[in-house]
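A.B. asks: Attaching a single structure in structure tokens format; questions to follow.
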Amino acid sequence: MHGGSTLKIRPRYTSYDNYIHHQLQKTTNPRLREIWTTRDWDRKIRVFTQFFSDLKHKNLLSNSSKALCVGARVGQEVEALKRVGVWDSIGLDLVPYPPLVIEGDFHRQPFDDETFDFEFSNVFDHALYPDKFVGEIQRTLKLGGICVLHVALSRRSDKYSANDLYSVEPLIKLFNGSDFLYSRKVDGFGLDTEVVFRRTKAIQRSGF
């Protein structure tokens, strides 16, 4: 358990390899990947475009931002960023989807310290080690950089989730190198809360 009783790790994984194998069952599922790249493609891009346009209006994202989408699967959010003018955007996932998404583990991002101005993720619930997930975001964000998470607080996530989050308080504790800017209710594909942080302190990679 991390961050108190309002963040609970699901006790189903016997090893990290077992966890990765289970996550890959969803990410590599041919039926799901077909849905993500056909029926869901335009709909999700439209919704992500609205989210990112709102962040631009709040001056939390700009056309000059270097952006990362963590756990991007086939990259609808990356495509949405490019469509709102944030061209220097890339996604990270266990399974790559070129040219939008490169291969990598969000528990150990394959990027140098202070690489990005902006990071977005809607897969916090898939983190087996939330402290490492957040730590890597903070490490790879530049000082002053923005992290936006979409999370589920009022409903439980799917069978591939590795944790259950019941309030924003554990996130505020985990983002110990960042200022909590705000949270608000959203409707983001089953995720109901947007939480926004600005990195303000130096962060080093934790051991793994």
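A.B. asks: Would you point out the residue of region 11-55, among those that are exposed (fewer than 15 other Cβ atoms within 10 Å of the Cβ) and part of a loop (DSSP other than H, G, I, E, B), that is nearest to the chain's Cα centre (by Cα)?
C.D. replies: 28
A.B. asks: Name every residue in region 159-180 that is open to solvent by 30 Å² or more (accessible area, probe 1.4 Å) and free of Cβ contacts under 8 Å to residues at least 60 places away in the same chain, in order of residue number.
C.D. replies: Answer for region 159-180, where residues must be open to solvent by 30 Å² or more (accessible area, probe 1.4 Å) and free of Cβ contacts under 8 Å to residues at least 60 places away in the same chain: 159, 172, 176, 179, 180.
A.B. asks: I'd like to check which strands (runs of 3 or more DSSP E) are fully inside region 56-117 and have at least 1 residues that are touching a residue at least 40 places away in the same chain (Cβ under 8 Å).
C.D. replies: Numbers: elements: 67-70, 89-93, 101-103.
Answer list for region 56-117: 67-70, 89-93.
A.B. asks: Okay, moving on. On the basis of being more than 26 Å from residue 24 (Cα to Cα), in a loop (DSSP other than H, G, I, E, B) and touching a strand residue (DSSP E or B) at 6+ places or on another chain (Cβ under 9 Å), does residue 201 make the cut?
C.D. replies: Working: more than 26 Å from residue 24 (Cα to Cα): yes; in a loop (DSSP other than H, G, I, E, B): yes; touching a strand residue (DSSP E or B) at 6+ places or on another chain (Cβ under 9 Å): yes.
Taking the combined requirement at face value, the residue satisfies it.
A.B. asks: In addition: Here are 85, 104: which of them is under 24 Å from residue 130 (Cα atoms) and of a type outside the set (Ser, Thr, Tyr)? I'd like the intermediate steps shown before the answer.
C.D. replies: Details: 85 fails: under 24 Å from residue 130 (Cα atoms).
Answer to the selection: 104.
A.B. asks: Give the residue, chosen from 184, 155, that is part of a strand (DSSP E or B) and open to solvent by 70 Å² or more (accessible area, probe 1.4 Å). Step through it out loud before you land on a result.
C.D. replies: Working: 155 fails: part of a strand (DSSP E or B).
Just one listed residue meets the conditions, 184.
A.B. asks: Quick check on region 128-141. Is at least one of its residues of a type in the set (Asp, Glu) and open to solvent by less than 10 Å² (accessible area, probe 1.4 Å)? Give the derivation first.
C.D. replies: First, the residues of region 128-141 that are of a type in the set (Asp, Glu): 131, 136.
Filter once more, keeping what is open to solvent by less than 10 Å² (accessible area, probe 1.4 Å): 136.
For region 128-141, residues of a type in the set (Asp, Glu) and open to solvent by less than 10 Å² (accessible area, probe 1.4 Å): present.
A.B. asks: Now, a different point. Going residue by residue through region 128-144, is there one that turns out to be assigned to a loop (DSSP other than H, G, I, E, B) and either of a type outside the set (Ser, Thr, Tyr) or more than 16 Å from the chain's Cα centre (by Cα) (or both)? It would help to see each step written out before you state the result.
C.D. replies: Residues of region 128-144 that are assigned to a loop (DSSP other than H, G, I, E, B), as a first pass: 128-129.
Add one more test, that the residue is either of a type outside the set (Ser, Thr, Tyr) or more than 16 Å from the chain's Cα centre (by Cα) (or both), and what stays is 128.
Taking every residue of region 128-144 in turn, at least one turns out to be assigned to a loop (DSSP other than H, G, I, E, B) and either of a type outside the set (Ser, Thr, Tyr) or more than 16 Å from the chain's Cα centre (by Cα) (or both).
The values are calculated or read from the model by the stated rules, or taken from the named source; none is laboratory data. Model, not experiment: these values are computed from the prediction. Heads up, the Cβs are rebuilt from the backbone with ideal geometry, glycines too, and the neighbour counts pull from every protein chain shown. Accessible surface is based on the protein model in full, side chains and every heavy atom, while ligands, DNA and RNA are left aside. Shrake-Rupley method; radii C 1.70, N 1.55, O 1.52, S 1.80 Å.
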